[in-house]
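Below is one structure, written out as structure tokens; comments come after it.
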Amino acid sequence: MPLVIAAVVISAAGVIFGFRLLRDVSVANLPTLPSSSTGNTEHLADSSKCGECHVQQYESYLQSGHARTFWSTRDFPLRNRFEHLKFDDPERNRTFHYRATKSGIDVSVPGLFDGDRFPLQFAFGSGDNAITLVTLTPDGTGIPVGIEHRVSWFSNMDQADLTPGQSGLAVQHDVEHFGRVIRGATLERCFECHTTACSIRGDKLIDLIPNVGCERCHSSSASHAAAMENDPESTIVGFKERPWRTAEQIHICAECHRGVNNVKSNQVRRDNHKIVRYQPVGLVQSKCYEKSKRLLCSTCHDPHQHAAKRTTREYELQCLACHSSSPQATRCGVSPNTGCVACHMPRVEIHPSISFHDHWIRIRGNLDPPVVEDEK
Ligand code: HEC
Ligand code: HEC
Ligand code: HEC
Ligand code: HEC
Ligand code: HEC
Ligand code: HEC
Ligand code: HEC
């Protein structure tokens, strides 16, 4: 189970190192994750609350990636992979030594800082593809910064490797031996995209509702939950509007999966494999979206279900709902009934161990990035 605590205060208070004070890190002052509920999140409902009435959505939601985006390193999938792990940095003649402790995971690098151990607090990602570890700590001036650890776990390779984007980075501050420093809005965004709610105050993470819960997509649903509890026989109350049912839906998903506003327009090219992971960007380039004026993420996905739980045939039936008898869309001359996904929205590799389905639905040619075969 993920960290299902309605509100906790996570503090790295014991960790008093700045960049130059790194030597102060020791086992004794590892950060802990207190389970006290002193956060101010009463205006938000926990997903399990919604699950009391919406049993079907809740149960399939628990299996989805959204229910598993954020963890404490005390309890996360693949924690055992870091226990006793040794990783040789391919670029810097150093070895990372990991250890699982009661408070989480920590790491040391023999030859550096007298072997003092660096705490790794949070685990990002479900582990379906990968897990990246992050530590929150004040810098030398007391301003909180995040350290995105240099090493991540990649499930498809079943091995550790450099975190994407960290290859070739030079070490300017001591702490960068352990990872990339992220600050300010960039740091806040990491937590915003992987949680339902939380804020960084000082060196603390407060008002935390981990993972992408019901409330994150269904705004104002806490007042709905309260109203329905008071009067279970009433018609649906508590929602001022229902943007998730309208074209607004794609913007909700794009807050995290990234939309056209999050990429430079010259990046939106059919040969650019880097935008493939941004499904909303691709989808709105598609003729299907432009011409039908009614294609949403939920046309093909149940947002409460893991995408891989649907069979490829179930997705193809969505294509055929438009591309068979409907007068507004044509039938495929090459294969009118099957194989649509493999030819028109195939998997494309964005990292040696991570691939995504290209949501820019189109007739593909030599210009397009090479595809990888679907395991299904
Ligand atoms: C006390 C029972 C109860 C609780 C708790 C509850 N709901 Fe509902 N909700 C209902 C009922 C009844 C309906 C109307 C019938 C239906 O569509 O299932 C409804 C409808 C909805 C709808 C559909 C609205 C639409 O667009 O048609 C959404 C979305 C929803 N609830 C989300 C939530 C979320 C999120 C929570 C938790 C914050 C929640 N509900 C908590 C009883 C509840
Ligand atoms: C608050 C940020 C956020 C929002 C909003 C969001 N997602 Fe996600 N989504 C994530 C993260 C983070 C993951 C990665 C989970 C993992 O590590 O596997 C993810 C994973 C997924 C996956 C793959 C895993 C699975 O369970 O199938 C699908 C599909 C998906 N999201 C669809 C959607 C759709 C559709 C919407 C809009 C209705 C949406 N997401 C809105 C953050 C978000
Ligand atoms: C703009 C929103 C956003 C931000 C900011 C963000 N993520 Fe994610 N993250 C996602 C979404 C959406 C997914 C799922 C689909 C994907 O991988 O793009 C995801 C997936 C992941 C995964 C699973 C592996 C993978 O690549 O699919 C890891 C690990 C991860 N994020 C770590 C981080 C870390 C660490 C940070 C901050 C340093 C961060 N993310 C910042 C939205 C975000
Ligand atoms: C990633 C965003 C996202 C999350 C998280 C999410 N929903 Fe939804 N939900 C949607 C969207 C989008 C729709 C509209 C689907 C449609 O119109 O086909 C929806 C529809 C619903 C409905 C209306 C009936 C239905 O299934 O279409 C209910 C009830 C509901 N959600 C409850 C929940 C509950 C309970 C949770 C948490 C366990 C939850 N949702 C989490 C995006 C989300
Ligand atoms: C909501 C309706 C709808 C859905 C669902 C849909 N499409 Fe389309 N699609 C259209 C329309 C409308 C067009 C433009 C008219 C045409 O070319 O048929 C189009 C165009 C296309 C084209 C031609 C693109 C080009 O650049 O010329 C391909 C290929 C295609 N769709 C494949 C698919 C596949 C594969 C799926 C399922 C994964 C799918 N479509 C789902 C409506 C839809
Ligand atoms: C025309 C159908 C269709 C539409 C519309 C669609 N998807 Fe998908 N999506 C798919 C298929 C097919 C897969 C592959 C599922 C599988 O077999 O694992 C997929 C997979 C995904 C995944 C898992 C990672 C990957 O790319 O393989 C994410 C995340 C995702 N979709 C997000 C979205 C979002 C966000 C939207 C709306 C902007 C959206 N999808 C709209 C068909 C669609
Ligand atoms: C073996 C690969 C393959 C499969 C499988 C396949 N297509 Fe195609 N499709 C193509 C190619 C190649 C073209 C371009 C043909 C041409 O230029 O004459 C095309 C063209 C199209 C077009 C544009 C038609 C036009 O006249 O503008 C649509 C729409 C389409 N496919 C939809 C689908 C759908 C829906 C499915 C699943 C039922 C599907 N395709 C399955 C390869 C495929």
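The values are calculated or read from the model by the stated rules, or taken from the named source; none is laboratory data. Keep in mind that what you see is a predicted model, and the values were worked out from it rather than measured. All Cβ positions, even for glycine, are placed from backbone atoms using ideal geometry, and neighbour counts span all protein chains on display. When the accessible area is computed, the model is the full protein with side chains, heavy atoms only, and any ligands, DNA or RNA have been set aside. Shrake-Rupley method; radii C 1.70, N 1.55, O 1.52, S 1.80 Å.
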Checklist entry - Can you name the residue in the range 219-230 that is closer than 18 Å to His304 by Cβ and free of Cβ contacts under 8 Å to residues at least 40 places away in the same chain and, of all such residues, is farthest from ligand 2 (Cβ to nearest atom)? => result His224
Item to check | Failed item, numbered, when Gly39 is tested on (1) at pLDDT below 95; (2) surrounded by fewer than 17 Cβ atoms within 10 Å (Cβ to Cβ) | outcome: (2)
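Listed here are the residues, each with its yes/no results for (1) within 16 Å of ligand 6 (Cβ to nearest atom); (2) modelled with pLDDT of 95 or more; (3) in the same structural domain as His357 (by TED's automatic domain parsing); (4) at positive phi.
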residue: Tyr98; (1), (2), (3), (4): no, yes, no, no
residue: Thr132; (1), (2), (3), (4): no, yes, no, no
residue: Gly140; (1), (2), (3), (4): no, no, no, no
residue: Asn156; (1), (2), (3), (4): yes, no, no, no
residue: Val175; (1), (2), (3), (4): no, no, no, no
Checklist entry - Asp271 passes all but one of (1) within 16 Å of ligand 7 (Cβ to nearest atom); (2) in contact (Cβ under 8 Å) with a residue 60 or more places away in the chain; (3) surrounded by fewer than 16 Cβ atoms within 10 Å (Cβ to Cβ); which number fails? => result (1)
Checklist outcome for this item: The correct count of residues that are assigned to a helix (DSSP H, G or I) and open to solvent by 100 Å² or more (accessible area, probe 1.4 Å) in the range 230-247 is 2
Checklist entry - Asp161: farther than 25 Å from Gly213 by Cα and surrounded by fewer than 17 Cβ atoms within 10 Å (Cβ to Cβ), yes or no? => result no
Checklist entry - Within the range 174-193, can you find the residues that are outside any helix (DSSP H, G or I) and either open to solvent by less than 30 Å² (accessible area, probe 1.4 Å) or among the aliphatic types (A, V, I, L, M) (or both)? => result Phe178, Gly179, Val181, Ile182
Next on the checklist: Of the residues Ala222, Ala227, only one is in a helix (DSSP H, G or I), surrounded by 13 or more Cβ atoms within 10 Å (Cβ to Cβ), near ligand 1 (Cβ under 8 Å from one of its atoms) and at pLDDT below 90; which?
Outcome noted: Ala222
Next on the checklist: With the requirement that a residue be more than 9 Å from ligand 6 (Cβ to nearest atom) and either touching a strand residue (DSSP E or B) at 6+ places or on another chain (Cβ under 8 Å) or open to solvent by less than 70 Å² (accessible area, probe 1.4 Å) (or both), what does the range 279-302 give you?
Outcome noted: Gln285, Ser292, Asp302
